[in-house]
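So the structure is just underneath, and the comments pick up after that.
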Amino acid sequence: MAKLYIISGITGMTGNELARQLLQRGDTVIGFDNFFASSPHTIRDILQHPNLSFFEYDINCTDQMQKIEQLIAEKKEHFEKVIYINCAAVVHTEHFYHVESTFDTNVLGMRSFMAQAIRQKAYAFINCSTSEVYSMQSWVEGGVRESDYLLMDHAEHSQRTSYAAGKLMTEFFMKDAVDRGLLKGCSIRFANVYSKNELYPKHIIPHIINELKQNGTVVLLENSKVNKRTFLHNIDSCAAVLALADSDAALDGTVYNVATDEEIAIVDLVKLCAKKMGIDNPQIVFEGYRASDPERRLLNTDKIRRRTLWKPQISLDKGIQMCIEEINKN
Ligand SMILES: NC(=O)c1ccc[n+]([C@@H]2O[C@H](COP(=O)([O-])OP(=O)(O)OC[C@H]3O[C@@H](n4cnc5c(N)ncnc54)[C@H](O)[C@@H]3O)[C@@H](O)[C@H]2O)c1
């Protein structure tokens, strides 16, 4: 018997690929998005799929969420399990500072969506958290672990961490629900997910490729003189979500890091993109500074690798190639 998945934020980077992978394996998906940061374009290839029901709904709208709940109540008896995956979020660096909207959608929205899952006796709830919670201690030798203590920047430094603080709160809701036996689930701390379909031109990978394409010069923040990051392709981030959702033992309410350990300096990322685009000497201009931005963010992923068979499949080299091909196509 197939499973029924409910995905919030389905047209976002994670949601659309999750839906694709689930439909491919024969599951049924109900998804919604209010297009805060996406468009129906991202699911154009699956929109007509008979096992996908899509709605332009807002997670903060009680009436619309009641309609979703009603639909699930009607359909669920035909499925072996009902699994909720919460991808809807006010996310991306420029929105991190918006305390009110990150709190409304990321904390209150998550909490009421999980309450719905509990009322519908869902088997599991997957909570998308973030590696931003590691804040100013995002790197230690071997990568930060889920159980490491946090060193967070706060209102004395920058409003940026309000996003991370909200996501951290959702991890407590998740753990509490599992501890109380209300459903199974876990939280996932993703690091720097990217996709060939990314809409946000300010995101570092599309930003670099677009600037190289337009004028061969890339404007980077001063932080990029030293910053290093890892980048996780959304095919891999979604495979991790499904590996966790499929593993009964992993759904213990705890947190999982999901990332690659392929670290690259941002200036080297520019050189990698340029090389793939046939540009010999990319010019880099440094402008502006972002507070509360750790120099490195390296996650230890032993926990998910121990509990599931997941490991990233798409190297940065291959992922960048996919992004460049897509941008050239469009
Ligand atoms: N992209 C990353 O690097 C990254 C890193 C860490 C964690 N995350 C988390 O992973 C999850 C998925 O993120 P993503 O990368 O797919 O981001 P995304 O912005 O591409 O997707 C989020 C989706 O949520 C939708 N949304 C926003 N507000 C909504 C609302 N009120 N109602 C319904 N839909 C709404 C947006 O329109 C968007 O389509 C989020 O919870 C995010 O916080 C992402």
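Every read-out reported here was derived from the displayed coordinates using simple, explicitly stated rules and does not represent laboratory data. Everything numeric here is computed off the predicted structure, so don't read it as measured data. With ideal geometry, Cβ positions are generated from the backbone for all residues, glycine too; neighbour counts draw on all protein chains shown.
Sorting 277, 13 by the number of Cβ atoms found within 10 Å of their own Cβ, with the fewest placed first, yields 277, 13.
For residue 156 and residue 60, a Förster radius of 25 Å and the Cβ-Cβ distance give a FRET efficiency of 0.30, rounded to the nearest 0.05. Spin-label pair residue 76-residue 118: with each label point 7 Å from Cα along the Cα-Cβ axis, the two points sit 1.4 nm from one another. Of the residues 150, 232, 251, the one that moves most in a GNM of the chain with alpha-carbon contacts below 10 Å is 150. Remark: relative contact order (region 87-154) = 21 percent; criterion is Cα-Cα distance under 8 angstrom and separation of 6 or more residues.
Among 280, 27, 248, the residue with the largest mean-square fluctuation in a Gaussian network model of the chain, with springs joining Cα atoms closer than 10 Å, is 280. Ranked by how many other Cβ atoms sit within 10 Å of their own Cβ, fewest first, the residues 237, 224, 112, 39 fall in the order 39, 112, 224, 237.
With all pairs of separate Cα atoms included, the chain yields a Kirkwood hydrodynamic radius of 20.3 Å. Can you give the FRET efficiency for residue 283 and residue 309, using 1/(1 + (r/R0)^6), R0 = 30 Å, r = Cβ-Cβ distance, to the nearest 0.05? The computed FRET efficiency comes out at 0.10.
Karplus-derived 3J(HN,Hα) values for region 88-101, using 6.51 cos²θ - 1.76 cosθ + 1.60 with θ = phi - 60°, are 4, 6, 8, 9, 5, 3, 5, 8, 4, 7, 8, 4, 5, 6 Hz; glycine and proline are entered as x.
Helix 234-245 axis versus longest C-alpha principal axis of the chain: approximately 30°, rounded to the nearest ten. Averaging 1/r across all pairs of distinct Cα atoms in region 38-145 and inverting the result yields a Kirkwood radius of 16.3 Å.
Here the calculated FRET efficiency for residue 41 and residue 148, from their Cβ-Cβ distance with R0 = 41 Å, stands at 0.60, rounded to the nearest 0.05.
Name the longest site-free stretch of the chain, where the excluded sites are GluC sites (Glu not before Pro) in a DSSP loop with no more than 12 other beta-carbon atoms within 10 Å. Longest stretch, sites excluded: 157-286. Amide H contacts of residue 254 (H built 1.01 Å from N, in plane; Pro and chain starts excluded): 187 sit under 5 Å, all sequence-distant by 5 or more or on other chains.
Once the Cα-Cα distance is subtracted from the 0.36 nm per residue extended length, the residue 249 to residue 261 segment shows a gain of 1.9 nm. Number of Lys-Lys pairs in region 162-294 with C-alpha atoms under 24 Å apart and a separation of 8 or more places or on different chains: 27.
In this Cβ point-charge picture (+1 for Lys and Arg, -1 for Asp and Glu), the chain has a dipole of about 640 debye about its Cα centre.
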